[in-house]
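Read through the structure below, which is laid out as structure tokens, and then see the notes.
Readers should treat all values here as calculations from the given coordinates under stated rules, not as data from a laboratory. This structure is a prediction, so every number in the text was calculated from the model and none was measured. Neighbour counts run over all protein chains shown; Cβ positions are idealised from the backbone, glycine included.
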Amino acid sequence: MTFPENFLWGGATAANQCEGAWDINGKGVSTADHLMAGSKTTPRKFTANIEEGAYYPSHEAIDFYHRYKEDIAMFAEMGFKIFRMSIAWARIYPNGDDAEPNKAGIEFYRSVFNELKKYGIEPLVTLSHYEMPYHLAEKYDGWADRRCIDFYLKYCGTVFKEYKGLVKYWLTFNEINSLSLEGNGYFSGGILSNGGDLNIFEVAKESKEAINKRFNGLHHQFIASAKAVNLAHKIDGNYMVGCMLAGLCTYPATSKPEDILARQNQAQRKLFLCGDVQVKGEYPYFSKRYFHENGITIDFIEGDTKILKEGRVDFFTFSYYSTGCISTDADAQKTGGNLIFGVVNPYLKTSEWGWQIDPKGLRYFLNEFYDRYGLPIMVVENGLGAKDVVESDGSIHDQYRIEYLRLHVEQMKEAIDDGVELIGYTPWGCIDIVSAGTGEMEKRYGMIYVDKDNSGKGTLSRIRKDSFYWYKRCIETNGADI
């Protein structure tokens with residue numbers, strides 16, 4: 001029960017939640033830049049125009065853009081072997097359909113990658129992490145328009161060529177299966193470009209036309225991802241390109257046959273459909289009935305089938321925070337979680353944000369994914385969002401976070417002993433960043449504290465939490481001392 005010698009310990013962030021510098025050095029406006037802050041009780045508002053005087057958290061975030069050297073030095077102090085980050089597409093192609101890339105954007109990421117290389121940290125780069133150039137959303141309706149495939153491929157080709165020798169691991173889309181969820185048009189980039197109130201973890205009723213549009217947007221992302229895999233391999237045979245799914249991990253609420261079938265159906269539609277297309281290169285058998293019953297007609301064109309088959313990914317990654325239960329009882333108590341829409345599991349504890357804590361579920365789903373796909377796996381998001389208190393001496397005693405991470409590391413050990421080829425672990429928000437769901441700062445995941453509050457005020461100074469030192473020891477001992 002030990003981790004492999006070359007196990008990739010690290011941490012994870014996203015550009016729109018950490019970089020800031022939203023409109024300088026040639027960067028264009030992204031869809032994420034139109035999201036105001038919200039809270040646990042107030043949905044984030046997506047506005048078609050940037051409103052003067054309003055607070056948009058991505059505009060400054062934690063200013064990683066100007067502080068990346070300081071932050072990377074702290075990651076190196078923890079012992080990171082890998083750092084998951086994303087490239088802001090609008091920093092490379094400000095409008096998305098530009099003739100030429102933004103040179104300042106290209107050089108910024110080159111500097112970041114060189115800084116990581118200085119410390120021997122491998123970048124794991126997400127190409128599209130819940131944002132795209134706003135111009136593509138406004139003019140083309142985002143991924144609903146097939147032309148965005150070519151815009152994405154041009155962007156991918158640019159970064160694949162520019163960063164050859166600096167980056168080995170790539171992910172095409174963050175939590176691509178989020179577009180299989182009801183009401184989450186935001187994740188396609190453009191469906192919500194007309195503004196309005198938005199809670200990205202809230203199920204919304206959709207017309208059949210909207211459902212069809214959303215799944216065709218997903219299909220366009222599948223084609224874009226497959227083409228990106230092939231393009232990467234042509235540019236550099238050493239490139240490894242993976243997929244990334246939201247770990248919508250659930251159980252049947254009871255042994256009632258209806259609950260078991262409901263859970264199976266949920267897992268097929270919201271988890272395995274996307275995994276199968278990207279790993280096996282084709283739509284699974286069970287998608288046919290779902291598409292037929294919901295009036296979904298995928299706009300296949302000649303060559304799509306071959307593209308999907310030839311563009312299969314090299315490794316599999318997913319996020320894991322929590323689990324839920326699937327019930328056919330309409331009155332069962334619902335639970336919170338990262339895109340989890342299940343009911344309460346009475347055997348689990350719950351965080352203050354309503355997420356149920358289930359370390360053993362991680363082992364269960366690592367086995368389930370590896371059994372289904374047989375590819376090397378990374379857990380690229382995992383962590384506990386909680387309020388932290390800075391003591392009078394500047395210390396932060398986040399034992400609750402240490403306990404959460406420790407229990408999940410234990411279960412990863414078990415999965416490896418089961419035979420799962422787990423090659424990496426990047427806990428989410430290794431440094432405090434803006435919450436994607438609520439736009440808050442007080443919902444902290446990091447092992448490094450950032451002095452900033454929910455209204456955007458603070459010095460942005462960095463402070464090591466107790467979990468920083470715990471994770472440093474964990475990595476030093478390759479998971480033996482936790």
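Brief remarks on what is shown
- Applying the criteria of a DSSP loop state and at most 11 other Cβ atoms within 10 Å to the GluC sites (Glu not before Pro) of the range 374-482 yields Glu391.
- Remark: the Asn238-Glu368 segment gains 44.0 nm on full extension, using 0.36 nm per residue and subtracting the alpha carbon distance.
- Pairs over the 18 Å Cα-Cα cut-off, from the set Lys234/Lys309; Lys40/Lys208; Lys40/Lys213: Lys40/Lys208; Lys40/Lys213.
- Only Lys, Arg, Asp and Glu carry charge here, each on its Cβ (+1 for the first two, -1 for the last two); on that basis the chain has a dipole of about 680 debye about its Cα centre.
- Between Leu124 and Phe83, Arg84, Met85, the built amide H atoms are under 5 Å apart, and every one of these is 5 or more places off in sequence or on another chain.
- Straight Cα distances below 15 angstrom link Lys465 to the aspartates and glutamates Asp71, Glu77, Asp388, Glu391, Asp393, Asp398, Glu403, Asp432, Glu442, Asp451, with same-chain residues fewer than 8 positions distant left out.
- DSSP H segments from the chain that extend 24 Å or more along their own axis, Cα-based, with Kyte-Doolittle mean of -1.0 or above: 208-235, 399-418
- Under DSSP loop assignment and at most 11 Cβ neighbours within 10 Å, longest chymotrypsin sites (Phe, Trp or Tyr not before Pro)-free interval of the chain: 1-284
- Listed residues Phe215, Gly311, Cys274: farthest to the positive end of the dipole of the range 8-476 (Cβ charges): Gly311
- DSSP-loop GluC sites (Glu not before Pro) across the range 1-82, with at most 10 other Cβ within 10 angstrom: Glu5, Glu52
- Candidate aspartates and glutamates for bridging to Lys288, where Cα separation is under 15 Å - those fewer than 8 sequence places away on the same chain excluded: Asp276, Asp299
- When the Cα gyration tensor is reduced to axis lengths a ≥ b ≥ c, the ratio a/c stays below 1.5 for the range 8-476, which is therefore classed as rounded.
- Computed over the chain, the per-residue total of -39500 (n - 2.57) for DSSP H runs of n ≥ 4 gives a 222 nm mean residue ellipticity of -11000 deg cm²/dmol, rounded to 500.
- Sites listed here are GluC sites (Glu not before Pro) in the range 246-327 whose DSSP assignment is loop and whose Cβ has at most 10 other Cβ atoms within 10 Å: Glu302.
- Pairwise FRET efficiency - Gln264 versus Lys103, Cβ, R0 = 41 Å, nearest 0.05: 0.20
- Annotation: the antiparallel percentage among DSSP beta bridges lying fully within the range 312-421 is about 50.
- The range 279-331 and the range 34-102: distance between their alpha carbon centers, rounded to Å: 29
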